[in-house]
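In what follows, a single structure is set out as structure tokens and then discussed.
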Amino acid sequence: MLNKKYKKIAVGGTFDKFHRGHEKLLSTAFEMGEEVLIGVTSDSFASNKIHEIESYSIRVNRIEKFVSKYNVPYEIKEIFDAYGTADKDSKLDAIVVSQETEKTALKINEERFKNNFKLLDIIVIDWVLANDGIPISSTRIRKGEIDTIGKTL
């Protein structure tokens, strides 16, 4: 087995309209961690941010299908706020985020500092661009601008 950089790494999100950006987020975590914690927003938490969201079970099933190709232990946890358990899990070493959610990771580290936990390394992935040069997002997919691989519609 290749040496992994981190013992336990976290990644989280809504994962609505599962797309290539989500794939990059997850694959980065699986490539860098010996164990991966995946936080998936609950239906109630996600509905505060987004209308017409896919159900938690649909979102989790898509994640499980994608990560099944990795021979890395993982856990999926339903999360009810932006921190999930990342601010309280003393075993975490790092977190993978998008540019959009980097500020949340910084706030998680503030909470970890208050709780006397080691700060997480924050790995920020670049945007995955659609073929029009604009980042792929669930919002754009919901609006019918692009598909899940970034092809303009």
When Tyr70 is run through (1) assigned to a loop (DSSP other than H, G, I, E, B); (2) under 14 Å from Phe15 (Cβ atoms); (3) of a type outside the set (Lys, Arg), the failure sits at (2)
* Out of curiosity, is Phe117 aromatic (Phe, Trp, Tyr) and surrounded by 13 or more Cβ atoms within 10 Å (Cβ to Cβ)? -> yes
Residues in region 142-151 that are outside any loop (DSSP other than H, G, I, E, B) and modelled with pLDDT of 95 or more total 1
Residue hits (region 94-138; without any contact (Cβ under 8 Å) to a residue 24 or more places away in the chain and assigned to a helix (DSSP H, G or I)) are Glu100, Glu102, Lys103, Thr104, Ala105, Leu106, Asn109, Glu110, Phe113, Lys114
When restricted to Phe66, Phe80, the only residue over 19 Å from Ile122 (Cα atoms), loosely packed, with under 15 Cβ neighbours inside 10 Å and among the aromatic types (Phe, Trp, Tyr) is Phe80
When every residue in region 1-30 that is part of a helix (DSSP H, G or I), out of contact with any helix residue (DSSP H, G or I) (no Cβ under 7 Å at 6 or more places or on another chain) and among the aliphatic types (A, V, I, L, M) is compared, the one surrounded by the most Cβ atoms within 10 Å (Cβ to Cβ) is Ala29
Matching residues in region 31-59 (within 22 Å of Asp87 (Cβ to Cβ), among the hydrophobic types (A, V, I, L, M, F, W, C), assigned to a helix (DSSP H, G or I) and modelled with pLDDT of 95 or more) number 1
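Residues checked against (1) touching a Ser or Thr at 6+ places or on another chain (Cβ under 7 Å); (2) within 17 Å of Asp16 (Cα to Cα); (3) loosely packed, with under 13 Cβ neighbours inside 10 Å; (4) aliphatic (A, V, I, L, M):
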{"site": "Ala86", "(1), (2), (3), (4)": "no, no, no, yes"}
{"site": "Ser98", "(1), (2), (3), (4)": "no, yes, no, no"}
{"site": "Glu102", "(1), (2), (3), (4)": "no, no, no, no"}
{"site": "Ile108", "(1), (2), (3), (4)": "no, no, no, yes"}
{"site": "Ile122", "(1), (2), (3), (4)": "no, no, no, yes"}
Within region 49-63, the count of residues that are surrounded by 12 or more Cβ atoms within 10 Å (Cβ to Cβ) and of a type in the set (S, T, N, Q) comes to 1
message = For region 38-59, check the following and say yes or no: at least one residue is under 16 Å from Asp93 (Cα atoms) and not charged (D, E, K, R).
response = yes
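The values are calculated or read from the model by the stated rules, or taken from the named source; none is laboratory data. From a predicted model like this one, the values you see are computed outputs, not experimental measurements. Every residue, glycine as well, gets a Cβ built from its backbone with ideal geometry; the counts of neighbours run over all protein chains shown.
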